């Protein structure tokens, strides 16, 4: 802070003003020892005048920067504690990532990939595979009631069918 340009009361005002987050200059002036009552509402007038002085504004900027730098160290300490001791693996990973990011060592960004799997098997081959799996797993066929429609009869011995087992499609199918 430009301590050589400030009186002890002005220094106290700057520190109080920054501690209060710049929200109440009158309260900062009262805390610094300026009169809270009297002619011209003392502290309010003093606060207003001080906030117009360039050396006071410079001191406020410097004090704010100093406070923020101290906060950065505290933030880094908290991130370090989380990265080392958080119970959740996700929290540890996020804290470690934040520490690396702030240190200029960004991890590779995650990318999203979309994969489309196209099954080129025919309906008959798929039906045959479903029937094979049902046999292997000992599952009984369930019929879902519905309206029946005429479809062409299909008999095939697909590549997935073993032991000459044939997948058949009757001419009536539920829809």
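Computing FRET efficiency as 1/(1 + (r/R0)^6) for residue 77 and residue 23, where r is the C-beta to C-beta distance and R0 is 45 Å, gives about 0.95. Checking the a/c ratio against 1.5 first, then a/b against b/c, what shape does the Cα gyration tensor give for segment 3-102? Prolate, because a/c is 1.5 or more and a/b exceeds b/c.
Nearest 0.05, what FRET efficiency do residue 119 and residue 86 give at R0 = 41 Å with Cβ-Cβ as r? Taking R0 as 41 Å, the efficiency between residue 119 and residue 86 is 0.45.
No value in this document is a laboratory result; all are computed from the given coordinates. Keep in mind that this is a model prediction, so the values were computed, not measured. Every residue, glycine among them, receives a Cβ derived from its backbone with ideal geometry; neighbour counts consider all protein chains shown.
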